[in-house]
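Okay, structure first, notes after.
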Amino acid sequence: MTHQKKDITAIVIGAGIAGLSSAIRLAAKGVHVTVLEQQDTYGGKMGVWEQDGYRYDTGPSLFTMPQYVNELLTIDGKSDVTFEYDELENIGNYFWEDGTQMTATKDVEQLKDEFLKQLSEPKENIDAYLADSKIKFEITNHVFLEKSLHKLKTYLSWGTVKSFFRLSKVDIFKNMNAQNELRFNNPKTVQFFNRYATYNGSNPYQASATLNVIPHYEFGFGAFFPKKGIRSIADALYQKAIHLGVIFQFSTQVSKVEKIGERYIVNGDTESDILICNMDVASAAKGPLKNFVSSKRKKYEPSSSALIFYWGIDREFKELDLHNIFFSSDYKKEFKNIFHNRKIDNDPTVYIHISSKCKVDDAPVGCENWFVMVNAPYVAGQDWEKMINEARENILIKVSKRLGTDISRHIKLEHKLTPELIQSKTGSYKGALYGSSSNDRMAAFLRQPNFSSGHKGLYFCGGSVHPGGGIPLCLLSGKITTDIIAHDFKLY
Ligand SMILES: Cc1cc2nc3c(=O)[nH]c(=O)nc-3n(C[C@H](O)[C@H](O)[C@H](O)COP(=O)(O)OP(=O)(O)OC[C@H]3O[C@@H](n4cnc5c(N)ncnc54)[C@H](O)[C@@H]3O)c2cc1C
């Protein structure tokens with residue numbers, strides 16, 4: 001049946017960034033879109049918290065691929081929503097226990113000089129690694145990240161065929177850490193590049209070397225910071241959705257979905273032709289979509305979670321920048337604890353993000369807003385109170401030692417986000433940050449497809465769905481999903 005566009009209605013469950021991306025794209029195609037969100041605001045994991053002059057982006061802090069946001073904001077040819085950002089010259093400051101320190105810069109020549117100076121890592125090793133990361137990106141991006149992996153059409157295109165011929169270069173069957181150990185002389189350089197596995201919540205000692213593609217996002221395309229903070233990405237997308245006529249119902253938890261004929265009935269009263277699930281698919285499969293998602297999709301290995309302290313610091317630290325990493329001395333042990341023992345290591349790698357370094361009004365004058373994060377296991381019945389108290393102590397000891405001052409004396413404000421809170425606030429299965437982990441080398445193919453093969457009109461987007469978690473991929477999942485809907489419903 002060919003629909004008139006004006007007849008077509010869609011419900012999106014969840015106002016996370018992938019839900020917003022799908023809503024904008026569908027509304028731009030003339031579909032009537034309603035977003036049902038359980039929280040009283042949009043953005044999902046991309047939250048914000050403010051107190052006593054300190055402002056925090058509570059979720060993502062590293063922003064890459066801003067073009068995906070711009071594409072959404074200009075989708076109807078109008079530039080009616082302002083969104084501005086700066087490219088970072090200094091991407092991050094790295095600190096090791098033995099006093100070694102380095103700064104990663106966008107400028108690759110400077111980056112290579114720094115690796116040579118601080119870690120005695122030969123420049124040609126960095127060149128070879130970054131060239132390999134770029135090749136991995138070129139092979140995987142258009143085929144595996146921008147299209148559905150579960151549609152025959154994807155495999156019939158010339159681009160896919162070309163990528164398949166070059167597939168061995170993606171190193172699916174090699175291990176990330178093992179490949180990095182072969183590439184670099186200094187174990188600290190290995191640790192530096194292994195850390196990119198955490199960008200999708202994976203374990204570098206288990207995941208495939210394909211994840212060595214991730215640094216290309218930072219060093220190939222750059223890292224950015226929105227002038228009004230990360231939350232302004234969600235603000236801009238929400239405004240655009242409103243301009244396009246999307247209706248939002250907040251504080252509305254979807255608890256029941258039925259299908260009568262070709263129509264979806266949500267919570268017994270809201271009907272639509274199209275249903276897009278932006279809530280974590282594993283949680284949806286145990287909840288409102290239990291009759292719609294196949295049982296083999298109901299379980300998956302979640303990605304790691306995180307423990308975050310938001311500290312209001314009463315002084316400034318000149319040695320710190322926007323992104324700072326204090327590495328653990330035994331990275332392998334840290335990941336073994338997270339993924340196998342399901343606990344936070346007693347010497348965790350600590351990431352400190354200070355948005356007031358770029359956006360000065362995020363903290364009172366002379367102060368800094370510290371977002372202090374350690375990788376944590378997903379929720380699996382642990383004694384969280386004990387683990388969180390111990391982690392707090394360990395973080396304070398580590399950072400105080402490295403910065404030469406007792407940090408606890410400078411904390412004037414504290415707020416925290418725990419794996420259990422991530423689970424309860426955003427519906428994320430077991431508190432995972434990025435949906436399923438990519439530890440399995442076939443993870444990309446095992447992830448939930450963007451559509452239901454058994455139920456016409458049912459689609460999925462977001463971090464638990466192809467192509468995966470993180471801001472760029474979530475925005476792409478919204479695109480892949482709506483491209484499939486456009487085809488299915490002839491929205492041309
Ligand atoms: C602490 C933290 C740090 C991160 N750091 C980075 C980073 O630096 N860079 C990066 O790119 N990414 C980062 N991420 C990951 C990134 O934030 C996520 O991948 C992305 O925001 C997920 O978006 P989403 O649309 O999939 O879903 P979510 O943000 O999870 O949104 C899902 C929405 O669905 C709603 N919902 C759930 N169940 C229901 C229901 N039954 N009814 C109605 N609504 C429902 C939820 O309330 C939520 O609003 C981080 C995440 C966290 C938590």
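For a protection proxy built on the mean count of beta-carbon atoms within 10 angstrom, sort 223-233, 181-191 highest first, please.
Highest-to-lowest ranking by the protection proxy: 223-233, 181-191.
Annotation: amide H-H contacts under 5 Å for Glu301 (H modelled 1.01 Å from N, sequence separation of 5 or more, or interchain): Ser437. Shown in residue order for region 343-355 are the 3J(HN,Hα) couplings computed by the Karplus curve 6.51 cos²θ - 1.76 cosθ + 1.60 at θ = phi - 60°: 9, 8, 5, 7, 10, x, 6, 10, 10, 10, 10, 10, 5 Hz (x for Gly and Pro).
Separation of the alpha carbons by more than 26 angstrom is noted, of Lys174/Lys398; Lys112/Lys134; Lys106/Lys174; Lys112/Lys169, for Lys174/Lys398; Lys106/Lys174. For region 329-421, the pair-distance distribution built from all alpha carbon pairs, in bins 10 Å wide starting at 0, is 14, 44, 31, 11, 0 percent.
The rule of thumb for compact globular proteins, 2.2 N^0.38 Å, goes into the C-alpha radius of gyration of region 371-490 1.44 times. Computed from phi, the 3J(HN,Hα) profile of region 409-426 under the Karplus parametrisation 6.51, -1.76, 1.60 (θ = phi - 60°) reads 6, 9, 8, 9, 8, 9, 8, 9, 10, 10, x, 5, 6, 4, 5, 6, 6, 10 Hz, with x in place of Gly and Pro. Counting 0.36 nm for each residue step from Lys401 to Leu182 and taking away their Cα separation leaves a gain of 75.6 nm.
Of the Cα atoms belonging to region 50-95, the radius of gyration and Dmax stand at 14.8, 45 Å. Ranked by the mean number of other Cβ atoms within 10 Å per residue, highest first, peptides 341-354, 99-112 order as 341-354, 99-112.
Within the straight-line cut-off of under 16 Å between alpha carbons, the aspartates and glutamates reachable from Lys290 are Glu258, Asp280, sequence neighbours fewer than 8 places apart in one chain being disregarded. The fewest-to-most ranking of Glu271, Glu114 by surrounding Cβ atoms within 10 Å reads Glu271, Glu114.
The amide H of Ala306, built 1.01 Å from its N in the peptide plane, has Ala376 as neighbours under 5 Å, considering only residues 5 or more places off or on other chains.
Karplus-based coupling profile of region 481-489, in residue order and whole Hz: 4, 6, 5, 5, 4, 4, 5, 5, 9, with θ = phi - 60° in 6.51 cos²θ - 1.76 cosθ + 1.60 and x standing for Gly or Pro. For the pair Ser408 and Asp76 in one chain, pulling the backbone fully straight at 0.36 nm per residue adds 114.5 nm over the alpha carbon distance. The simple spin-label model puts a point 7 Å past each Cα toward its Cβ; for Ser294 and Asp86 those points are separated by 5.0 nm.
Amide H to amide H distances under 5 Å link Val35 with Val12, Ile247, Phe248, Gln249, where only residues 5 or more positions off or on other chains count and H is placed in the peptide plane. With helices as the sole contributors, the chain gives -9500 deg cm²/dmol at 222 nm; each DSSP H run of n ≥ 4 counts as -39500 (n - 2.57), and the sum is divided by every residue. One way to sum up the overall shape of the chain is the equivalent ellipsoid from its Cα gyration tensor, whose semi-axes run 36, 26, 22 Å, largest first.
Exposure proxy shown here: for Lys45, Lys174, Lys401, the number of other Cβ atoms within 10 Å sets the order, fewest to most, as Lys401, Lys174, Lys45.
For a straight C-alpha distance cut-off of 15 angstrom, the aspartates and glutamates reachable from Lys479 (same-chain residues fewer than eight places away being disregarded) are Glu71, Asp76, Glu146, Asp488. Can you give me the C-alpha center-to-center distance between region 20-41 and region 268-293, rounded to a whole angstrom? Their Cα centres are 15 Å away from one another.
No lab work stands behind these numbers, since they all come straight from the coordinates. Note that the coordinates shown come from a computational prediction; the quantities given were computed from them, not determined experimentally. We place every Cβ from the backbone using ideal geometry, glycine too, and count neighbours over all the protein chains shown.
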